[in-house]
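Student: Have a look at this one.
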Amino acid sequence: MQGPTGPATSVATTSPVLRIGGVGKRFGTFTVLDDCSLDVAEGEIVTLLGPSGCGKTTLLRCIAGFWDADSGSITIDGQDMARVPVNRRPVGVVFQSYALFPHLTVARNVGYALRMQGVPRAEAARRVAAALETVSLTGFEDRYPAQLSGGQQQRVAIARVLVMEPRVLLLDEPFNALDAKLRGTMQVELRQLIKSLGLTSIFVTHDQEEALTMSDRIAVMRAGRIEQAAPPDEIFDRPATAYVADFIGSSNFWPSLVADGRVSLPDGQSVATGLRGAVRVMARPHNLQIAPPAAGPWQGRVAFQRSVGPLVEYHVETEGGDAMVKVVAMRRAQDRGFADGTAVSLRIVDPALCAVYPA
Ligand SMILES: Nc1ncnc2c1ncn2[C@@H]1O[C@H](COP(=O)(O)OP(=O)(O)O)[C@@H](O)[C@H]1O
Ligand SMILES: [Mg+2]
């Protein structure tokens, strides 16, 4: 398989709920968003994933209407949002900090925007009760935020947005304040909740595992650009660029040269490519097999090994190679694996899963 194939962003077949078309944004002379295009289909959860400062929040703010884009367009259900003010956009935003009103009860926090909009009292009460039931907080109506756990506060923040029945839900790193264990639970819960409601959503995170858990598709961002938008497995198995391969999951890279449309791999196998000249080949650590020394071109020595739960991660120093090769294997109780210093041989399990990028 080969790295760069087709456009960086895939396009949904039915007409999208949210369409971001060539959006650009600068602050002074600094380009924060550069020609970002992304379609989000009905009921789809798309995650913006990228390192801090790559423009994720800025893109959300443009969708929500807190910022105006300098170029490009944003439409929801075919309607251009350019002239639609923040409070009229059919968008709900859950922020990184929950921003609950500390002096208001849970019910009043959730009903706040409905009161502002002059929704009749009885209808507001009904919608607040329904939203609280959705996030499993029935019975917590009269508590104050300080009397809730972090996870519960987070659910109030979500209920406060759901009560407005938004067409598009935007979530900006909503789990940042939670500890790792609770974060994992909340990810699964929130994904199931959003899917059961069928809400079209954009979720923002810098955490690759969170993105893999939450998303129907992941849009990987780099310095204001979307490098690849694809389902999690495709992003992981067929990263379009070396940057995406490096950002998601662990990877090994080797320099190589294309000869007759094929690239040689370090173990003597080869893989077809449409590229020419100097390239970089990428293999995931789980696509490598470690074995006792054997006849073959790829020999090495375990420099370091550690158990990571059910897996063993090996760092192997190879003969003639300067970079450390990472291998991941299932840890089986019956074998003791390969200790530090052990001589080993390496093999690529499936050459077709190696990606080839321009050097
Ligand atoms: N109001 C602003 N004025 C100037 N620069 C800004 C402003 N907001 C964000 N930036 C810059 O834009 C870049 C992207 O920021 P942001 O969208 O918050 O990134 P992310 O959410 O991916 O961490 C950063 O370099 C940030 O410093
Ligand atoms: Mg941000």
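The values are calculated or read from the model by the stated rules, or taken from the named source; none is laboratory data. Since the structure is predicted, the reported quantities are computational estimates derived from the model, not experimental observations. Every residue, glycine among them, receives a Cβ derived from its backbone with ideal geometry; neighbour counts consider all protein chains shown. For the accessible areas, the whole protein counts, side chains as well, though only heavy atoms, and no ligand, DNA or RNA atoms are used. Shrake-Rupley method; radii C 1.70, N 1.55, O 1.52, S 1.80 Å.
Student: Has segment 148-162 got at least one residue that is more than 28 Å from the chain's Cα centre (by Cα) and touching a residue at least 24 places away in the same chain (Cβ under 8 Å)? Break it down into steps so the answer makes sense when it comes.
Tutor: Pass one, segment 148-162, residues more than 28 Å from the chain's Cα centre (by Cα): 148.
Filter once more, so that each one left must be touching a residue at least 24 places away in the same chain (Cβ under 8 Å): 148.
Yes, segment 148-162 has at least one match.
Student: Out of segment 163-189, which residues are within 25 Å of Val86 (Cα to Cα) and more than 16 Å from ligand 2 (Cβ to nearest atom)?
Tutor: Val163, Met164, Glu165, Pro166, Arg167, Val168, Leu169
Student: Now for a separate question. With the requirement that a residue be open to solvent by 30 Å² or more (accessible area, probe 1.4 Å) and of a type in the set (Asp, Glu), what does segment 199-231 give you? Show your work before the answer.
Tutor: Taking segment 199-231 first, the residues open to solvent by 30 Å² or more (accessible area, probe 1.4 Å) are 206-209, 212-213, 216, 222-223, 225, 227, 231.
Within segment 199-231, Asp207, Glu209, Asp216, Glu227 qualify.
Student: Exactly one condition in (1) buried (at least 18 other Cβ atoms within 10 Å of the Cβ); (2) away from ligand 2 (no atom under 16 Å from the Cβ); (3) part of a helix (DSSP H, G or I) is false for Ser196; which is it?
Tutor: (1)
Student: Related question: Residue check, Ala211 against (1) within 16 Å of ligand 2 (Cβ to nearest atom); (2) out of contact with any strand residue (DSSP E or B) (no Cβ under 8 Å at 6 or more places or on another chain), all met but one. Which one?
Tutor: Evaluating Ala211 over (1) within 16 Å of ligand 2 (Cβ to nearest atom); (2) out of contact with any strand residue (DSSP E or B) (no Cβ under 8 Å at 6 or more places or on another chain) leaves (2) as the failure.
Student: Quick one: in segment 155-184, of everything that is open to solvent by 70 Å² or more (accessible area, probe 1.4 Å) and not charged (D, E, K, R), which residue is modelled with the highest pLDDT?
Tutor: The residue in question is Ala180.
Student: Between a residue in segment 90-105 that is within 16 Å of ligand 1 (Cβ to nearest atom) and any residue that is open to solvent by less than 80 Å² (accessible area, probe 1.4 Å) and part of a loop (DSSP other than H, G, I, E, B), which pairs come within a Cβ distance under 6 Å, given they are 6 or more apart or on different chains?
Tutor: Filtered contacts from segment 90-105: Val94/Pro174; Gln96/Glu173; Gln96/Asn176.
Student: Let me ask you something else. If I filter segment 80-97 down to residues being loosely packed, with under 14 Cβ neighbours inside 10 Å and not in a loop (DSSP other than H, G, I, E, B), which single residue comes out as modelled with the highest pLDDT? Show your work before the answer.
Tutor: Step one: filter segment 80-97 for residues loosely packed, with under 14 Cβ neighbours inside 10 Å, giving 80, 82-83, 85-88, 97.
Those still in the list that are not in a loop (DSSP other than H, G, I, E, B) too: 80, 86-88.
Values: Asp80: 97, Val86: 92, Asn87: 89, Arg88: 92.
Filtering first and then ranking leaves Asp80.
Student: So Thr75 fits all but one of (1) part of a loop (DSSP other than H, G, I, E, B); (2) at pLDDT 95 or above; (3) within 25 Å of the chain's Cα centre (by Cα); what number is the exception?
Tutor: With (1) part of a loop (DSSP other than H, G, I, E, B); (2) at pLDDT 95 or above; (3) within 25 Å of the chain's Cα centre (by Cα) applied to Thr75, the lone miss is (1).
Condition check ((1) farther than 19 Å from Asp207 by Cβ; (2) more than 12 Å from ligand 1 (Cβ to nearest atom)) across all residues:
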site: Ser52; (1), (2): no, no
site: Lys56; (1), (2): no, no
site: Trp67; (1), (2): yes, no
site: Ile74; (1), (2): yes, yes
site: Arg83; (1), (2): yes, yes
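Student: Restricting to segment 85-109, name every residue that is of a type in the set (A, V, I, L, M) and under 28 Å from the mean Cα position of the chain (by Cα). Don't jump to the end; show me each part of the working.
Tutor: Filtering segment 85-109 for residues of a type in the set (A, V, I, L, M) gives 86, 91, 93-94, 99-100, 104, 106-107.
Correct list: Val86, Val91, Val93, Val94, Ala99, Leu100.
Student: May I pose another question? Would you confirm, using the coordinates I've provided, whether Thr205 is touching a helix residue (DSSP H, G or I) at 6+ places or on another chain (Cβ under 9 Å), away from ligand 2 (no atom under 16 Å from the Cβ) and farther than 18 Å from Leu132 by Cβ?
Tutor: No: the conditions fail for Thr205.
Student: State which residue is farthest from Ala219 (Cα to Cα) when the search covers only segment 62-79 and only residues that are within 16 Å of ligand 2 (Cβ to nearest atom) and open to solvent by less than 80 Å² (accessible area, probe 1.4 Å).
Tutor: Start the filter on segment 62-79 by keeping residues that are within 16 Å of ligand 2 (Cβ to nearest atom), which leaves 62-64, 66-67.
When the remaining residues are screened for being open to solvent by less than 80 Å² (accessible area, probe 1.4 Å), the result is 62-64.
Numbers: Cys62: 16, Ile63: 15, Ala64: 18 Å.
Checked segment 62-79; the qualifying residue farthest from Ala219 (Cα to Cα) is Ala64.
Student: Same structure again: Need at least 3 residues that are open to solvent by 80 Å² or more (accessible area, probe 1.4 Å) and modelled with pLDDT of 90 or more per element, so show me which strands (runs of 3 or more DSSP E) inside segment 262-359 make the cut, counting only ones lying wholly within it. Quick ask: steps written out before the conclusion?
Tutor: On the way: elements: 262-264, 270-272, 278-283, 288-291, 299-308, 311-318, 324-330, 343-348, 355-358.
Filter on segment 262-359 gives 299-308.
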